[in-house]
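These notes concern the structure reproduced below.
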Amino acid sequence: MAAFIVAIIVVALIFDFSNGFHDSANSIATIVGTRVLSPLPAVVWAATFNFAALFVVKTAVATAIGSGMVDQSIVTPNVILAALLGAITWNLVTWFYGIPSSSSHALIGGYAGAAISKAGVGAILWGEKWKETLSFIVISPVVGLAAGFFLMVLVYRIFRRSAPARVDRFFRPAQLASSALLSLSHGGNDAQKTMGIVVALLVATQSVFAHQTGLLHHLYITDANGIPLWIEVSAYTSISLGTLFGGWRIVHTMGSRITKLRPVGGFCAETGGAIAILAATRFGIPVSTTHTITGAIVGVGATNRLSAVRWGIAGRIVWAWVLTIPAAGGLAAVAYIILRALIGP
């Protein structure tokens, strides 16, 4: 059993890698789209600040995932593994079609789907954390849109007498800072979902490791509210490596297909998105960085004129947002049924 649990932790870190890979567009699409950085330096820059969140951001989101969404009494290794398989599958599907969906909501949906498959809807803790998570599917892109829009309007007013070339010269280096802030916020919110899943697994199977010695003793965790340092480091390392490899199909959609961006627009979108994500992380709300930065990009594009936004592309993205939780949940439910048939409950 111990080996099986360790294997599930490895799968969780693979999901975290896929999260960084899938969501690299959140951090680098605008800075690549505005040609401030070429793709390789951009992903190195983003990966560095994804990992830097380890030293800055607390673990409120991880605690919410680990203990606030599913009844811990029904959590088993199969439930966690099925949740991860459902989320990874949905990430791969949306990556293949270049659709910037939410890895966060894929994991949450997978966790819920696997739990319901095992114990019915009573397995879900329909409390504050679910209300916040579902509400922020709508709220986070709206906040991102508003922040991007108003920052862009403010910049227009401040620089209204400046030549476009001068504005570009100012905002090209400024966009490095905004991209770093967005990468920091992405790592700080998204890596914590995997931390929460791993902690939920280890709390549910604590009896397996109660009398272990050596390295396995570090897997003995009794409290879902405490996140050991080794879990934090592992999660941040995995998501940073995923970002380093980058999901280029989604970068193209985010960086150029939603709207045409200049460095000033990239700065406003990244800064607005980062502020919204960091605020949610501070209150332990698992939000989608994809939703938030997409909303911010749309907000920036809309300051020129509504037709500057390619609403057909934006509509496809919204449909992916709506479908992510139920689709990942359905995939995870099927995965749980298969696992139960193969290796028991």
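Values in this text are rule-based calculations from the coordinates and carry no lab data. Please read these numbers as outputs of a predicted model, since none were measured by experiment. Cβ coordinates were reconstructed from backbone atoms using ideal geometry, including for glycine residues, and neighbour counts include every protein chain displayed.
Points to keep in mind about this one:
- Cut-off 15 Å (backbone N to label point 7 Å along Cα→Cβ of L125), residues of segment 49-75: 60-75
- Degrees between helix 103-119 axis and first principal axis of the chain (Cα, 0 to 90, nearest 10): 30
- As an equivalent ellipsoid, segment 1-143 spans semi-axes of 29, 18, 15 angstrom, where each value is the square root of five times an eigenvalue of the C-alpha gyration tensor, largest first.
- Efficiency of FRET between H218 and L40 - r from beta-carbon atoms, R0 35 angstrom, step 0.05: 0.45
- Where N is the number of residues in segment 81-151, Cα Rg divided by 2.2 N^0.38 Å: 1.33
- Most tightly packed first, judged by the mean number of other beta-carbon atoms within 10 Å of their residues, the peptides 132-141, 271-280 read 271-280, 132-141.
- Mean-position separation - Cα centroids, segment 323-345 and segment 127-180, in angstrom: 38
- Förster-model FRET efficiency, 56 Å R0, I14 and R161, C-beta, rounded to 0.05: 0.60
- Distance from segment 182-249 to segment 262-279 (C-alpha centre basis), Å: 28
- Once the C-beta distance of A3 and W230 is scaled by a Förster radius of 25 Å, the resulting FRET efficiency is 0.90 to the nearest 0.05.
- Highest-MSF residue in the chain out of S178, S238, S73 [GNM, Cα springs under 10 Å]: S73
- Within the listed set A53, A210, A174, the Gaussian network model of the chain (springs between alpha-carbon atoms below 10 Å) gives the highest mean-square fluctuation for A210.
- Residue-span extension gain [D71 to F283] - 0.36 nm each, minus C-alpha spacing: 74.2 nm
- Most mobile of T34, T213, T243 in a GNM of the chain (Cα contacts under 10 Å): T213
- Taking all C-alpha pairs of segment 2-343, those more than 27 Å from each other amount to 41 percent.
- Fewest-first sequence of W230, W130, W90 by Cβ atoms within 10 Å of each Cβ: W230, W130, W90
- Protection proxy ranking of 118-129, 60-71, 5-16 - average other beta-carbon atoms within 10 Å, highest first: 60-71, 5-16, 118-129
- A full extension of the chain between R169 and V142 corresponds to an added length of 6.8 nm, given 0.36 nm per residue minus the alpha carbon distance.
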